[in-house]
Amino acid sequence: MSVAVILGDIHLGKSLSIGKSGIGSTLNSRIADQLNLLEWTLEQAISHQASCIITTGDVFEDPRPGPTLISLFIHWLKKCTDNDVAVHICKGNHDIIRSGQHHMSAFDIISAADIENVFIYNDISTLDLPGVSFTILPFRDRRSFDTNLNSEAVRLVQDKVKYERLGLDDRNLNIMVGHFALVGSLPVGDEVDDMHNELFMPLNTFADYDYTFMGHIHKPQVMSKGPFISHIGSMDLSNFSENTHSKIIAIVDTSTSEVVKYLDLPTRPLKQITVSVPADVTDTTAFVIDQLKEGEQDLSSAIVRMHIGYESPDLISIDRPKVEEAVMRMGAFHIPRIDQERKVVQVKKAAGMENMDNTVNEVTAIKMYASENVEENFRNDFISLASATVAEAKETNAAS
């Protein structure tokens, strides 16, 4: 009997813009988070006595990762093999640098390192373990085949799957692990980077497998329960649209009746906070801090993005350092940005004012327009801004 861990897309180096920047030799905090998740996955493999970890691909966010990321990943691979855990890597679209129908990859460096019990899959192949067979299906798109039709490329992939399935032992549990989008799946970000050439695989492609776990699409989602066909999702939360997702790994254990169980990855929370400041508030900073306290959100160890909306353009902006301090006291790990937005003053156009009188000088014309079309509370600001704009335009024209 066998135990294996299935891990979704890793994406080392993704979402650095929302992490704490590295200083000197210190890594960006998002890379540190991703490495921690890899370490946790290995710990689960060891504790469940798994013989291997199978990942669905997209190990690196950038198809041309820097030497530091490659070195860090190789270090993790060696740690896996030192603990008698083999690693099987299905190539994803981020793991490929294309040259026509030919592919190059950062994995060429890893392959050259010749690490024992690390296997990289460039084409469909099957890993046979006692009681279970894993067919591994790396990413392809239309350009990978000699055809101008996506439908023909899909058929060619289906033919490969059928041929591979013919060689499997039906007495075993047969599991598909790959890197394709499934028909009907819901992307949540930038997973599909070339819609024109993307291949969306029909679910019946995998009808003869007991379980199918696809990467590529980042949100875990079950597409069929009989047979079981799913996207296992990515390893980490990468943007705030994923803040409600639970990221998972799958433990396949043929010695138990459950066969497949899921464990939630300990991802760092991403929290989005929105506060609307009414027009009659006098102390915007105190108001926002009070709203944070009343909301009672659990911000422990979270990356927090804030959006402050002002109901009146006259409201004074928050004291940003004080608000950030309040959020950090609530346990937040990092605040990458605070967006602030004000309601735009609407300029009402009075009947009969389609054209300004251009026989008068600009300043007079601006004042005439403002007196008829701009609300009194904002009239002086409008006149000042418009006059400054006209003066700047004159200087630019004179210089040219």
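Results for (1) in contact with a strand residue (DSSP E or B) (Cβ under 7 Å, 6 or more places away or on another chain); (2) part of a loop (DSSP other than H, G, I, E, B), shown as yes or no for each residue.
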| site | (1), (2) |
| --- | --- |
| Ser241 | no, no |
| Ser246 | yes, yes |
| Ser255 | no, yes |
| Lys261 | yes, no |
| Arg268 | yes, yes |
| Gln272 | yes, no |
| Ser276 | yes, no |
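Regarding region 233-245, can at least one residue be identified that is over 24 Å from Ser29 (Cα atoms) and open to solvent by 30 Å² or more (accessible area, probe 1.4 Å)?
no
Consider region 295-318 and keep the residues that are over 31 Å from the mean Cα position of the chain (by Cα) and open to solvent by 60 Å² or more (accessible area, probe 1.4 Å). The one that is nearest to Phe333 (Cα to Cα) is Ile316. In region 128-147, the residues that are open to solvent by 10 Å² or more (accessible area, probe 1.4 Å) form no Cβ pair under 9 Å with any partner that is in a strand (DSSP E or B) and among the polar types (S, T, N, Q), whether six or more places apart or across chains. Entry remark, region 1-30: residues being touching a strand residue (DSSP E or B) at 6+ places or on another chain (Cβ under 8 Å) and among the polar types (S, T, N, Q) number 3 in total.
Applying the selection to region 49-62, what residues are buried (at least 17 other Cβ atoms within 10 Å of the Cβ) and either modelled with pLDDT of 95 or more or out of contact with any Phe, Trp or Tyr (no Cβ under 7 Å at 6 or more places or on another chain) (or both)?
Passing the criteria: Ala50, Cys52, Ile53, Ile54, Thr55, Thr56, Asp58, Val59, Phe60, Glu61.
For residues that are surrounded by fewer than 15 Cβ atoms within 10 Å (Cβ to Cβ) and among the polar types (S, T, N, Q), scanning just region 1-35, find the one that is modelled with the highest pLDDT. Applying the filter and picking the extreme gives Ser17. Listed conditions (1) open to solvent by 40 Å² or more (accessible area, probe 1.4 Å); (2) closer than 22 Å to Lys91 by Cα are all met by Asp208, apart from (2).
When we screen Val161, Val87, Val157, Val177 for residues that are part of a strand (DSSP E or B), touching a strand residue (DSSP E or B) at 6+ places or on another chain (Cβ under 9 Å), surrounded by 18 or more Cβ atoms within 10 Å (Cβ to Cβ) and free of Cβ contacts under 8 Å to residues at least 60 places away in the same chain, the only hit is Val87. Of the residues making up region 319-350, not one is open to solvent by 80 Å² or more (accessible area, probe 1.4 Å), at pLDDT 95 or above and assigned to a loop (DSSP other than H, G, I, E, B).
The values are calculated or read from the model by the stated rules, or taken from the named source; none is laboratory data. Fair warning: this is a prediction, and the values are worked out from it, not measured in the lab. Note: ideal-geometry Cβ built from the backbone for every residue, glycine included; neighbour counts use all protein chains shown. The protein model used for the area step is the full one, side chains on, heavy atoms only, and it has no ligands, DNA or RNA in it. Shrake-Rupley method; radii C 1.70, N 1.55, O 1.52, S 1.80 Å.
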